[in-house]
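The block underneath contains the structure these notes are about, expressed in structure tokens.
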Amino acid sequence: MTIQPYPITRDADGNWQHPDLPDWSESTPSTEMDYWAKQQGLHTKVLHIGQRIDPDVVDRWLAGETGHSDDWPEDYQQKGYFVLAVSQSEEDIFVWLARPQGGIHHEVHTAA
């Protein structure tokens, strides 16, 4: 695996993309992105966060606190994953996560 966790610095719209991701267009099919991730030895998933969770909790989670937290719903605790991309609109937040296939990765990243 070559891609590693990277500090998250979201833009003014709340979006961010890992700098080591390929330069995909908006029309790139998800199957191509999934194929790339598998070639990197990564298991990926997309979380739809929406507006159900306190924004402060979401900010902490995007800063790297993806493990257990008393105020984070259990189905969002993603031990071993790191963030590949964040897409935010007025209504929703989508987060593309990755972890090495067959192992736990040590997470080190921050958000702005």
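Okay, here's what the table says:
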item	result
Residue within the range 78-85 that is at pLDDT below 75, closer than 20 Å to residue 8 by Cα, out of contact with any helix residue (DSSP H, G or I) (no Cβ under 7 Å at 6 or more places or on another chain) and among the charged types (D, E, K, R) present	yes
Looking only at the range 1-29, and only at residues there that are of a type in the set (S, T, N, Q) and modelled with pLDDT under 90, the one that is nearest to residue 86 (Cα to Cα)	15
Any pair with Cβ under 7 angstrom, 6 or more apart, that starts in the range 15-40 at a residue that is among the charged types (D, E, K, R) and ends at one that is not in a loop (DSSP other than H, G, I, E, B)	34/44
Check on residue 4, under 17 Å from residue 97 (Cβ atoms), buried (at least 16 other Cβ atoms within 10 Å of the Cβ), out of contact with any His (no Cβ under 6 Å at 6 or more places or on another chain) and among the polar types (S, T, N, Q)	no
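Residues checked against (1) small (Gly, Ala, Ser); (2) crowded, with 17+ Cβ neighbours inside 10 Å; (3) in a loop (DSSP other than H, G, I, E, B); (4) modelled with pLDDT of 90 or more:
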| residue | (1), (2), (3), (4) |
| --- | --- |
| 50 | yes, no, yes, no |
| 56 | no, no, no, no |
| 70 | no, no, yes, no |
| 111 | yes, yes, yes, no |
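The values are calculated or read from the model by the stated rules, or taken from the named source; none is laboratory data. Keep in mind that what you see is a predicted model, and the values were worked out from it rather than measured. Ideal geometry is used to build each Cβ from the backbone, glycine not excepted, and the neighbour counts take in all protein chains shown.
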